[in-house]
Amino acid sequence: MATHALLHRVAETGRATVPFTLDGAPASALAGDTVLTAVLTQAAQLRRNEFSDAPRAGFCMMGACQDCWISTAEGERLRACSTFIAPGMALVTGRSEA
Amino acid sequence: MTTTARPPVIVGAGPAGVRAAQALVAHGLRPVVIDEAARAGGQIYRRPPANFVERAAATLYGFEAARANAVHAAFDGLRDRIDHRPDSLVWNAQGGVLDVLHGPTRSTARVPHGPLIVATGATDRVLPLPGWTLPGVYTLGGAQVALKFQGCAIGQRVVFMGTGPLLYLVAYQYAKAGAQVAAVLDTARLADQVAATPAMLRQPAVLAKGIYFVAWLRAHGVPLHGGVRPLRVLGDDAASRVTGVAWHDGREERRIDCDAVGFGYALRSETQLADLLGCRFEFAPMHRAHLPVRDAAGRSSVAGVYLAGDGAGIMGADAAEWAGERAALALLADQGVAVDGARAALLERKLDALTGFRRGLERAFPLPHDWAANAPDELVVCRCENITAGTLRQTVAVNGADELNRLKALSRVGMGRCQGRMCGVAAAEILAHATGQPLAQVGRLRGQAPVKPIPIRLVTQAPADGVSA
């Protein structure tokens, strides 16, 4: 199970925290994080590609490539780079339990 | 409703859209400004969320801080005099009405428009390489957005690769922010940059900035390599993380360890909306792309539709400001409003003077001419649906596809969620190479509504009311 973080915070770390859940486990982001930032500062993928089943973690960061969609526990899909994290969001990355 | 009762609409609030809005407001109009971002500025002057307070403009925008501040201040000064629709995507344009999705509420509205200024901007121009779908590989622009907009680096040890002015700028910004830049790998050769210097001297300040970034990176021990041929992004056995980059230096294969890659080859225009509006396109050799045609003032081939900024051809942020204002003056004049003709002429002269410099940039950072020939069959070209270069070549060989939309219909390249934004340039280059045609002859991917994915329930339910036709 890939647990390493992809993104690393280098500035603006003094913001308020926002609780959410990531693959069912409690997690914490910072206010103003996108869903992409919230997830990838503590995990290495957002979803799996439907065709290759390979992990994906976004690409363009500006709403164009559509590679950063992530599922919520309710089955809704969010474009992670252009959706801000909100308290209580339940996000599911499809990480394997290997 | 008469046409004149419909408000002027500007799509995009980057430097072009902001200056266009300012000019319309100065002449007494109240435009609707629709922008995908929460805050105006576009990608180049993208503002972090309001609660990001640590970094001053000088940190965020470097040498461009004064211009970024000016654009932001100009827009903030318009607040009560425009109808600003942030977080909003124009996903269709038909019959004088825009369909607009508001992201946060996931609701769509129909916005009737009068004259329309299309300032839709650009994304990175991507030429894929094996391994580019690994988590940790981002576009150069994406790497910059992560830093500017979110205060994050895409990795702890990053390789920046490709070509274009953004390559050295982003590497510089990362190093300044404290990230380790493992190397900068430029497909252009130093000889390209030397040859381009006379043309670049038309904009000595811009040239000086580029030289500064290169010198700064070198002085801080960042390895810089020119004339490289990127071979692949290396991953671990599970193909779940980046472990390095392999490239060819002209003599031999070389490798470097890293945990993230930012890459791109300058920018490409977002033209889908101009396409849906019926604008005529032509092949523009300098941009290696089909672009909507416009006159010197920004008028498209469709009456009442104006084009400005990088969305109509990559000319950069300064040109976008001038083109946005110029297009607004054209719109006003076409509506019978008296405008300052000398100002309009000055803006056209400034834009015209940039063309020579722009040619120089293309010469300094050329798109690798041998990319399609060297792309291996197993290379994933379409990251949405995992379609390979080999599949594209086979589609050409077996089905005789010789035009891009035909290739799309047969192979599905460009049909995935990104609608060809990431793969379209590469697919066209491969098609041209495989069929032996010039790039101009293989055509362009037609824009389709919705121009980006929207929730399906919005399509199946009746359009939201609020439109009195």
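The values are calculated or read from the model by the stated rules, or taken from the named source; none is laboratory data. As the structure is a computational prediction, the values presented were derived from the model and not from experiment. Every residue, glycine among them, receives a Cβ derived from its backbone with ideal geometry; neighbour counts consider all protein chains shown.
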Within the range A:37-69, restricting attention to residues that are polar (S, T, N, Q) and more than 13 Å from the chain's Cα centre (by Cα), which residue is modelled with the highest pLDDT? A:GLN66
Condition set assigned to a loop (DSSP other than H, G, I, E, B) and within 20 Å of the chain's Cα centre (by Cα), scope the range B:141-169, selection nearest to the other protein chains (Cβ to nearest Cβ): answer is B:ILE154
Could you please find all residues in the range B:31-52 being buried (at least 20 other Cβ atoms within 10 Å of the Cβ) and within 18 Å of A:ALA64 (Cβ to Cβ)? B:ILE34, B:ASP35, B:GLU36, B:ALA37, B:GLY41, B:GLY42, B:GLN43, B:ILE44, B:TYR45, B:ARG46
Sort out which residues of the range B:236-253 are closer than 27 Å to A:GLY58 by Cα and either among the charged types (D, E, K, R) or modelled with pLDDT under 95 (or both), and write them in order of number. B:ASP236, B:ASP237, B:ALA238, B:ALA239, B:SER240, B:ARG241
Hey, could you check the range B:117-131 for residues that are assigned to a strand (DSSP E or B) and touching a Ser or Thr at 6+ places or on another chain (Cβ under 9 Å) and say which is farthest from B:ALA308 (Cα to Cα)? B:ASP124
More than 21 Å from B:GLY103 (Cβ to Cβ) and at pLDDT 95 or above, is that true of B:ALA5? no
Look at B:GLY178 and say whether it is within 14 Å of another protein chain (Cβ to nearest Cβ), surrounded by fewer than 21 Cβ atoms within 10 Å (Cβ to Cβ) and at positive phi. yes
Residues to consider are B:ALA196, B:ALA188, B:ALA274, B:ALA183; find the one that is assigned to a strand (DSSP E or B), aliphatic (A, V, I, L, M), surrounded by 20 or more Cβ atoms within 10 Å (Cβ to Cβ) and touching a residue at least 40 places away in the same chain (Cβ under 8 Å). B:ALA183
Quick check on my filter: what residues within the range B:63-93 are more than 14 Å from chain A (Cβ to nearest Cβ) and within 25 Å of A:ARG15 (Cα to Cα)? B:ALA65, B:ALA68, B:ASN69, B:HIS72, B:ALA73, B:ASP76
Restricted to the range A:1-36 and to residues being within 14 Å of the chain's Cα centre (by Cα) and polar (S, T, N, Q), the residue surrounded by the most Cβ atoms within 10 Å (Cβ to Cβ) is A:THR34
List the helices (runs of 4 or more DSSP H) inside the range B:373-461, counting only whole elements, that have at least 3 residues being more than 18 Å from B:THR123 (Cα to Cα) and within 14 Å of chain A (Cβ to nearest Cβ). B:456-460
Identify, from the list B:TYR138, B:TYR172, the residue that is of a type in the set (Phe, Trp, Tyr), more than 10 Å from every other protein chain (Cβ to nearest Cβ) and either under 23 Å from A:ALA57 (Cβ atoms) or not in a strand (DSSP E or B) (or both). B:TYR172
Look through the range A:56-78, keep the residues that are farther than 22 Å from B:ALA153 by Cβ and touching a helix residue (DSSP H, G or I) at 6+ places or on another chain (Cβ under 8 Å), and return whichever of them is farthest from the other protein chains (Cβ to nearest Cβ). A:LEU78
Only residues that are in a helix (DSSP H, G or I) and under 16 Å from B:LEU116 (Cβ atoms): list them for the range B:326-353, please. B:ARG326, B:ALA327, B:ALA328, B:LEU329, B:ALA330, B:LEU331, B:LEU332, B:ALA333, B:ASP334
Could you tell me whether any residue of the range B:199-209 is assigned to a helix (DSSP H, G or I), surrounded by fewer than 15 Cβ atoms within 10 Å (Cβ to Cβ) and among the basic types (Lys, Arg)? no
Inside the range B:46-102, counting only strands (runs of 3 or more DSSP E) that do not spill past its ends, which hold 3 or more residues that are within 20 Å of B:GLU270 (Cα to Cα)? B:88-94, B:97-102
Taking the range A:46-55 and the residues there that are surrounded by fewer than 24 Cβ atoms within 10 Å (Cβ to Cβ) and facing another protein chain (nearest Cβ under 7 Å), the one that is nearest to B:ALA40 (Cα to Cα) would be A:ASN49
Any hit, the range B:53-67, residues being crowded, with 23+ Cβ neighbours inside 10 Å, at pLDDT 95 or above and in contact with an Asp or Glu (Cβ under 8 Å, 6 or more places away or on another chain): no
Residues of the range A:61-78 classified as more than 18 Å from B:PRO104 (Cβ to Cβ) and crowded, with 24+ Cβ neighbours inside 10 Å, total: 4
Does B:GLY42 satisfy the criteria of being in the same structural domain as B:ALA323 (by TED's automatic domain parsing) and at positive phi? yes
Please verify whether the range B:216-223 includes one or more residues that are among the aromatic types (Phe, Trp, Tyr), under 21 Å from B:TYR172 (Cα atoms) and under 25 Å from the mean Cα position of the chain (by Cα). no
The one condition A:PRO87 fails out of (1) touching a residue at least 60 places away in the same chain (Cβ under 8 Å); (2) within 11 Å of chain B (Cβ to nearest Cβ); (3) more than 23 Å from B:VAL242 (Cα to Cα) is (2)
Out of the residues in the range A:1-44 that are part of a loop (DSSP other than H, G, I, E, B) and more than 10 Å from chain B (Cβ to nearest Cβ), which is nearest to B:ALA50 (Cα to Cα)? A:GLN42
